[in-house]
Amino acid sequence: MVEEISKYMLPLLLIFPIAQSTPATLPPEEVVQPQEVRPLPGQLDTVPTFNSNSPELVLKEGILLSTFPPDGKKVPTAHLNFPFRGRFDIFAHHVAKAEPAENLRTLYLGIILHNPSSEPVKVNIWQAASYLSQPDAPFIQLPSFSQNLLGKVFAGPGDRVMSDVLRGMRQEIFPAQIEIPPKQSRMLLNLPIPVQGLTPPLNGRSTLIRLQSNGTVYAASLAMFARVNPDGSERSPTLEEWQNLLDNGDLAGPRDKTPTPLEGTDKPRIYGRVAGVAGGSRWKALLVDNPKAKYLTIPQPGQVFSYALSTLHGGTLGTGQIQSATMLVRYPDTAYRAHGNYGIQYNLKLPLYNNTQNTQTVSVSIQTPLKEDQLIKPGLRFLSTPAPQVFFRGTVRVRYKDGQNQPQTQFVHLVQKRGQAGEPLVLLNIKAGDRSLVEVDFLYPPDATPPQVLTVSTQAEPR
């Protein structure tokens with residue numbers, strides 16, 4: 001997820017590429033943008049997110065994440081005993097690979113919901129999307145800035161899933177509602193991650209589902225190889241086969257690297273991958289001068305300030321703020337927090353106010369500065385030529401009023417590399433004494449590397 005752990009993801013780079021190889025050249029120059037970096041106002045909500053991302057590469061079938069009670073289960077430690085009720089999200093991101101290379105069996109991802117009560121439970125599916133890397137959303141080269149009004153611009157399944165859910169869509173493979181009879185289970189998802197016919201035989205699937213239940217349910221994500229029919233063809237596992245794996249199976253493998261403790265260690269930092277329930281689904285923020293203010297005064301001409309996004313341990317950009325969602329339950333060998341906040345939506349409102357005597361040109365942008373915990377210099381560091389690694393790849397929605405006071409909504413797809421300053425999402429001419437509301441929304445994409453910043457700048461006045 002982050003640069004410190006990218007070295008053990010090498011087998012996955014063909015499907016989730018981080019960088020393209022480049023000839024050996026002189027390292028790019030660092031460019032320091034002197035400015036203030038502010039913590040992001042607001043906080044995560046309390047909606048729990050079922051976060052199934054470890055092991056990322058699944059070679060051994062088993063339980064990926066179970067919030068079922070351990071009672072009656074063959075491997076009690078594989079079950080975290082966390083009931084859901086009301087609003088909750090499900091995020092899953094896993095990879096299948098033929099190993100050995102001639103073993104081309106299809107891996108299936110199953111997500112099962114169980115109703116432990118004596119009354120039927122209805123689960124509404126508000127938004128949902130699930131895509132494969134191949135053929136649904138291959139990693140392709142894209143410009144750093146693209147208009148994406150129709151949602152046709154994406155690279156990678158996580159990118160495409162987040163774009164769909166940002167638009168409020170429910171993919172046609174998902175029903176609007178599932179009814180679960182008393183004491184029974186139903187499959188929410190039973191989809192393949194095929195590798196046959198691919199070179200290399202490697203594929204991945206990303207999924208995000210927003211749900212609301214009118215009663216208590218337990219959830220589990222499971223990995224099982226396709227069952228084989230008498231004629232040798234493959235079929236998907238049945239509900240009974242999934243239930244048997246849940247009751248009698250152990251954790252799927254191979255296990256990812258165990259994370260280092262978040263505090264007080266001199267070892268190289270390993271964040272690990274997430275398998276558990278994270279606290280939070282959405283971060284709403286009103287960006288204003290102070291908690292009692294109703295507006296955000298624009299920077300003085302030629303000045304800049306930024307708000308930190310998706311900060312994490314070892315990467316707070318001098319704010320001291322950790323935005324990574326806390327884990328309500330987790331397996332001991334997985335991430336201590338939901339570093340990166342994959343699938344979490346940021347809703348940011350900027351009521352910009354021009355307190356100068358002249359019309360000012362103001363830009364709002366997302367940027368990917370060099371990761372720091374404490375700022376080495378008073379400002380953010382960028383690279384004159386961004387590094388080859390892609391650190392942010394996703395769609396951002398921007399809403400504002402144009403010069404004719406007409407409401408505008410734009411969807412912009414960004415591809416930002418490490419150290420890239422990025423282009424403005426919106427450029428506004430704000431008259432003296434006027435206010436202008438800008439709203440920025442995005443879901444933090446699964447294959448991104450935090451942190452980023454949201455930057456407000458005012459053009460220097462001509463001399």
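Across region 113-180, Cα-Cα pairs farther apart than 20 Å form 43% of the total.
Fewest neighbouring Cβ atoms within 10 Å first, the residues M169, M327 line up as M169, M327. Size descriptors for the chain: radius of gyration and Dmax over Cα atoms are 22.9, 81 Å. Phi-derived couplings, Karplus 6.51 cos²θ - 1.76 cosθ + 1.60 at θ = phi - 60°, listed residue by residue for region 195-206: 10, 5, x, 9, 10, x, x, 8, 7, x, 9, 10 Hz, with x used for Gly and Pro. Modelled label-to-label distance, V32 and D45, 7 Å Cα→beta-carbon offset: nm? With each label placed 7 Å out from Cα toward Cβ, I get 4.1 nm.
Size descriptors for region 57-131, from the alpha-carbon set: Rg then Dmax equal 15.6, 48 Å. Amide H contacts of H339 (H built 1.01 Å from N, in plane; Pro and chain starts excluded): no residue 5 or more places away or on another chain comes under 5 Å.
Working from Cα pairs under 8 Å separated by at least six residues, relative contact order for region 246-382 is 31 percent. For the cross-link pairs K284/K401; K257/K284; K371/K417, the ones whose C-alpha atoms lie over 24 Å apart are K257/K284.
Applying 1/(1 + (r/R0)^6) with r as the Cβ-Cβ distance of Q300 and I376 and R0 = 25 angstrom yields a FRET efficiency of 0.55. Relative to the current alpha-carbon distance between A176 and E119, full extension at 0.36 nm per residue lengthens the span by 18.5 nm. For L64, the residues whose amide H sits under 5 Å from its own are S221, L222, A223, A252, ignoring neighbours fewer than 5 places away on the same chain, with H placed 1.01 Å from N.
Please compute the contact order of region 48-248 in relative form: average sequence separation of alpha-carbon pairs under 8 Å and at least six residues apart, divided by the residue count, as a percent. Walk me through the numbers on the way to the answer.
Numbers: 468 pairs, mean separation 75.0, N = 201.
The value is 37 percent.
For the chain, a simple Cβ point-charge model (Lys and Arg +1, Asp and Glu -1, everything else neutral) yields a dipole of about 780 debye relative to the Cα centre.
How high is the relative contact order of the chain, in percent, with contacts defined as C-alpha pairs under 8 Å that are six or more residues apart?
On the way: 1273 pairs, mean separation 109.8, N = 463.
Dividing the mean separation by the residue count of the chain yields 24 percent.
Computed FRET efficiency, Cβ-Cβ of L286 and L59, R0 41 Å: what is it to the nearest 0.05? Calculated value: 0.35. Excluding the site residues themselves, the longest part of the chain lacking any GluC sites (Glu not before Pro) in a DSSP loop with at most 11 other Cβ atoms within 10 Å is 264-463. Length gained on full extension, R186 to E241: 18.6 nm, using 0.36 nm per residue less the C-alpha separation. Within straight-line reach of K73, meaning a Cα separation under 19 Å, sit the following aspartates and glutamates at least 8 residues removed in sequence or on another chain: E61, E240, E241, D247, D250.
Computed on region 48-248, the Cα convex hull volume stands at 134 Å³ per residue.
Here, each number is a calculation from the coordinates, and none is a lab measurement. Worth saying up front: this structure is predicted, and the values here are computed from it rather than measured. Positions of Cβ are generated from backbone atoms using ideal geometry, with glycine treated the same way; all protein chains shown enter the neighbour counts.
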